[in-house]
Amino acid sequence: MMKYYTHVFTPEQFGILSLYLIVFKYFITICSLDVQSSVSRLYFDYKDKERKVYISTVFWFLVTICSVVLILGMFLSEKISILIYPETEDMFILTIIAAIFSVFLTFFTRILYNEQKSTILLKQSILQTTLNHGLSVIFIACSSLGLLGRLLGQTLASMLSLLYNYIVANRIGIVSISRSFQMSMLKSTLLLSMPTLLLAVQSMVFLYMDRFLIKYYIGENALGIYSFAFMLGQGLAILYEAIYQAILPDVYKKLKTDYESSLKTIHIFFKKYFVFVFVITICISYFSDVILVVISNPNYYESSKVIPYIMFGFMMGGLYKIPTLVINFHKKIWIYPIASMFSSMINLVLNILLIPILGIIGAALASFLGLFVYSSILQIYTNKYYLEKRGWWVLISYATVFIIVMGNFFMDINV
């Protein structure tokens, strides 16, 4: 569908759309307070009736938060939307609604992941993807809604996917929302989510600042080209997240029953996983020119300059998923905001220094280095839990990636 979107949207329009996708992520964080991350971990601490009470407790908490955000968002929409882009108030309100649907969709999806209902999730994923792009094309082509049509298609797809997940989960007895609410359960959930919430807030402040700086220094056209490359990277992020969610329930169960053996299995899996994501990243980076010809038009070909940095950055994001399995199991999640603060500050400073000089290449390099530092910190921290130290293997893997990316950078600036 990229070919179609690049045909109907100019790079400048893509830039505006990317800003609203960032706003969409902001509202997901605000509406959920990142409790989904806690649900994935605490879900296994409850059984039978207690688990159903726990699900209802989190559900009604999310309903309350989302209702407040929607009311405030609609009240302030005119004042906030003009800061993003003039005359986009409708897009702003629709973005809030889309974020709310996404919060509940993620909530029920996490539950289905925990129950290892892969067939249901596959059907839901196909349904959402089909509706997302199908409805978007209808609204754009037939109703001439432009960017608003793209957001409307995404919103309706999320809503219908949410209904599908809830109906199926309710029918098989996994989810049964009642009026039950336990404050103690909510407190434990919020307490466990605080570090990851701080991480999400830091990401909101720092990691997406490159888009706003590109808009300020270069303009919407460059922002659209940069954001297009980022959308390609997000395709990899979806793949990495799917792998993570698929193995998470089984890993937690095995860590509880056979801790040392499970750690060895995780380390072996990491080696294979590294080779897998490394090969994918190299292939996409090397053939980026060909890929852009296939999925876009000449207005977006400049994206090839930043694709290698962005793909390796997303690779770093995929690699740190593995140590988080061990960190989350031990509930040592305070390391996330600490690592994020350090890496985000590096990202922000480099963006401020590099974007005025190197443009979108500077932004892409800053993004990679920030994710590289964050991923490295989590790998180093996790190493203490392994009886058989794996530091050399991780060091060589990460050093290889760093050398490749920095070598590519010095070649780019010397051309």
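Share of carbon and sulfur in the accessible area of region 225-302 stands at 70%, probe radius 1.4 Å. The percentage of C-alpha pairs in the chain whose separation is greater than 41 Å is 13%. Per residue, the accessible area of the chain comes to 46 Å², computed with a 1.4 Å probe over protein heavy atoms only. Here the peptides 325-333, 371-379, 174-182 are ranked by packing, the mean other Cβ count within 10 Å, and the order with the highest first is 371-379, 325-333, 174-182.
For region 19-119, the relative contact order comes to 46 percent (Cα pairs under 8 Å, sequence separation of at least 6).
Placing pseudo-labels 7 Å out from each Cα toward the beta carbon at L353 and L395 gives an inter-label distance of 2.6 nm. For the chain, averaging the sequence separation of C-alpha pairs within contact (under 8 Å, six or more residues apart) and dividing by the residue count gives a relative contact order of 21 percent. Of interest is the spacing of the C-alpha centroids, which for region 126-144 and region 303-329 amounts to 29 Å.
Short-range pairs are left out: with C-alpha atoms under 8 Å and at least six residues apart, the relative contact order of region 144-302 is 11 percent.
In straight-distance terms, cross-link reach from K264 covers every one of the aspartates and glutamates whose alpha-carbon lies under 14 Å from its own, apart from those fewer than eight places away in the same chain; here that gives E388. With θ taken as phi - 60° and the Karplus curve 6.51 cos²θ - 1.76 cosθ + 1.60 applied, the whole-hertz 3J(HN,Hα) list for region 68-79 is 5, 4, 4, 5, 5, x, 5, 5, 9, 4, 5, 6 Hz, x standing for glycine and proline.
For D289, D412, D210, the ranking by accessible surface with the largest value first comes to D289, D412, D210, using a 1.4 Å probe. Extending 7 Å from Cα along the Cβ direction at I268 and again at I404 yields two label points whose distance is 2.5 nm.
For the peptides 143-151, 302-310, residues were scored by their other Cβ atoms within 10 Å and the scores averaged per peptide; the highest-first order is 302-310, 143-151. Placing a label point 7 Å from the Cα of V8 along the Cα-to-Cβ direction, the residues of region 220-248 whose backbone N falls under 18 Å of that point are 228. The 3J(HN,Hα) values that the Karplus relation (6.51, -1.76, 1.60; θ = phi - 60°) gives for region 151-161 are, in residue order, 5, 5, x, 5, 5, 5, 5, 5, 4, 5, 5 Hz. Gly and Pro appear as x.
Extension gain, I295-D90: 0.36 nm per intervening residue step, less the Cα-Cα distance, totals 70.9 nm. Straight Cα distances below 23 angstrom link K3 to the lysines K305, with same-chain residues fewer than 8 positions distant left out. The order of the peptides 71-83, 242-254 by mean Cβ neighbours within 10 Å, most packed first, is 242-254, 71-83. Here the 3J(HN,Hα) profile of region 236-251, calculated from phi with Karplus coefficients 6.51, -1.76 and 1.60 at θ = phi - 60°, is 5, 4, 5, 4, 5, 5, 5, 5, 4, 5, 5, 8, 4, x, 5, 5 Hz, Gly and Pro shown as x.
The values are calculated or read from the model by the stated rules, or taken from the named source; none is laboratory data. As the structure is a computational prediction, the values presented were derived from the model and not from experiment. Every residue, glycine among them, receives a Cβ derived from its backbone with ideal geometry; neighbour counts consider all protein chains shown. The accessibility values were calculated without ligands, DNA or RNA, using every heavy atom of the protein model including side chains. Shrake-Rupley method; radii C 1.70, N 1.55, O 1.52, S 1.80 Å.
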